[in-house]
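Encoded as C-alpha cells, the structure appears first; notes follow it.
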Amino acid sequence: MNKKSDLIFLTGTINPNTFLFLKLLEPKIRQNQYINAIKFYLNNTKLKILFVENSNVDISSFFTYEIRSNRLEILTFPSDNFNEKLGKGYGEMSIIEYGVLNSKLIKQANNIYKITGRLKVLNINYIINYYLKLNKKIISVYFNDSLNFCDSRIFISNSDFYHNYLIKHKYLINDLNGIFFEHVLSKATLKYIIDNENSFLQFPTIPRIEGVSGTNGAKYNSSFIFWFKKLIKYKIKIYLFKDVLIK
C-alpha cells in the first residue's frame with residue numbers, strides 16, 4: 001500500500017456563468033491566472049497538485065509533462081445544471097464535490113491544502129512543513145470572531161472532512177440569501193471539531209497571498225510589511241484566545 005501524501009487542491013472557474021458577487025469575469029485573464037498559480041505551486045513545492053475546473057475549459061495541454069509524471073491532475077466538467085442565482089459559493093462547493101468524488105490523487109491524500117486556484121500563497125512551504133510533521137487527522141481554518149464565517153481562500157483538512165461533512169452542506173449555500181460558502185465551511189468545521197476531539201489546529205502563520213480577488217477585483221497586498229503587521233496581530237489574538245477553540 002502506498003503511503004499517503006499531502007496534496008494541494010486548487011479550485012477554478014475559467015469562464016464564469018454567474019455574475020453574482022463576481023467582478024473578475026474575463027475568461028482569458030482568469031485562465032492565465034490559473035496557469036501561473038499552478039506553475040507557482042509546481043515550482044515552489046514538492047507536493048502533488050489537483051486542479052478542478054467547472055466551466056469545461058481544459059488547460060491540460062499546458063502541463064503535459066507534469067500530468068504524465070503524476071505530479072498534477074487536472075479535472076474539468078460543465079456545470080450545466082448550475083443555478084447562477086445561488087452564486088459563486090455554490091459553484092465552489094460543486095468543484096470541491098467533483099474533485100472529492102472523481103480525483104485519483106485525492107484518494108491518496110493525507111492533509112489537503114484547499115486553495116483558491118488563481119491565488120499564490122507565497123509562504124506555502126512554511127505552512128506545508130508545519131503540517132508534514134504531524135501524524136493525525138487535523139483541520140485548520142481561519143474563523144471570524146463569531147465563529148460563523150471562515151476564510152475560504154485556504155484551509156487544510158482531510159478527505160474525511162470533505163466526504164462526511166463539507167459537501168453534505170452544499171445545498172445550504174445561497175449567495176442571494178446571504179448564505180455564503182464561508183458560512184457553510186464554518187458550520188461543517190465546527191461539526192467536525194465536535195465529532196473529532198483535538199482535531200483543530202490554528203494556522204502556524206498568516207498566509208501571504210498574492211493575486212486578485214474575484215469578488216471585488218482588488219489586488220491583494222502581498223508586501224512583507226503588510227503581511228508582517230497582520231502576523232503580529234494574529235499571534236497576539238491567538239495568545240489571548242488560545243483556550244476558546246480546541247487546541
- [ ] Given a cut-off of 26 Å, name the pairs among Lys46/Lys137; Lys88/Lys120; Lys39/Lys104; Lys48/Lys136; Lys88/Lys136 whose C-alpha atoms lie farther apart than that in the structure shown.
- [x] Lys88/Lys136
Task: Distance histogram in 10 Å bins (all Cα pairs of the range 5-240, percent per bin) - done: 7, 33, 40, 18, 1
Open item on the list: Within the range 160-242, how many Lys pairs that are eight or more residues apart, or on different chains, come under 24 Å at the alpha-carbon?
Closed with: 15
Task: Length gained when the stretch Tyr126-Asn216 is fully extended (0.36 nm per residue, less Cα-Cα span) - done: 29.6 nm
Open item on the list: Please compute one quarter of the surface area of the Cα convex hull for the range 43-121 and express it in square nanometres.
Closed with: 5.8 nm²
- [ ] Return Ser5, Ser69, Ser146, Ser213 ranked ascending by Cβ neighbour count within 10 Å, so the fewest neighbours appear first.
- [x] Ser146, Ser69, Ser5, Ser213
Task: the chain: calculated mean residue ellipticity at 222 nm from DSSP helix runs of at least 4, using -39500 (n - 2.57) - done: -10000 deg cm²/dmol
Open item on the list: So if each residue of separation counts as 0.36 nm, and I subtract the Cα-Cα distance between Arg68 and Leu134, what length gain in nm does that give?
Closed with: 20.8 nm
Open item on the list: For the range 140-240, what does the convex hull of the Cα positions come to per residue, in cubic angstrom?
Closed with: 120 Å³
- [ ] Calculate how many DSSP beta bridges within the chain are antiparallel, expressed in % of all such bridges and rounded to the nearest 5.
- [x] 40 percent
Task: Pairwise label distance in nanometres, Lys46 with Leu240, each label 7 Å out on the Cα-Cβ vector - done: 3.9 nm
TODO: Could you run the Karplus curve 6.51 cos²θ - 1.76 cosθ + 1.60 with θ = phi - 60° over the range 159-170 and give me ³J(HN,Hα) per residue in whole Hz, x for Gly and Pro?
DONE: 5, 4, 4, 5, 5, 9, 10, 5, 5, 5, 9, 3
- [ ] Could you sort 38-50, 112-124, 132-144 so that the peptide with the highest average Cβ count within 10 Å comes first and the rest follow in order?
- [x] 112-124, 38-50, 132-144
Task: Debye, to nearest 20: dipole size of the range 5-240, +1 on Lys, Arg Cβ, -1 on Asp, Glu Cβ - done: 740 debye
Task: Added length on full extension, which subtracts the Cα-Cα distance from 0.36 nm per residue, Leu231 to Ser5 - done: 78.5 nm
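Just so you know, all these numbers are worked out from the coordinates, no wet-lab data involved. It should be emphasised that the depicted structure is a prediction, and the values quoted were computed from it without experimental measurement. Cβ: placed from backbone, ideal geometry, glycine included. Neighbour counts: every protein chain shown.
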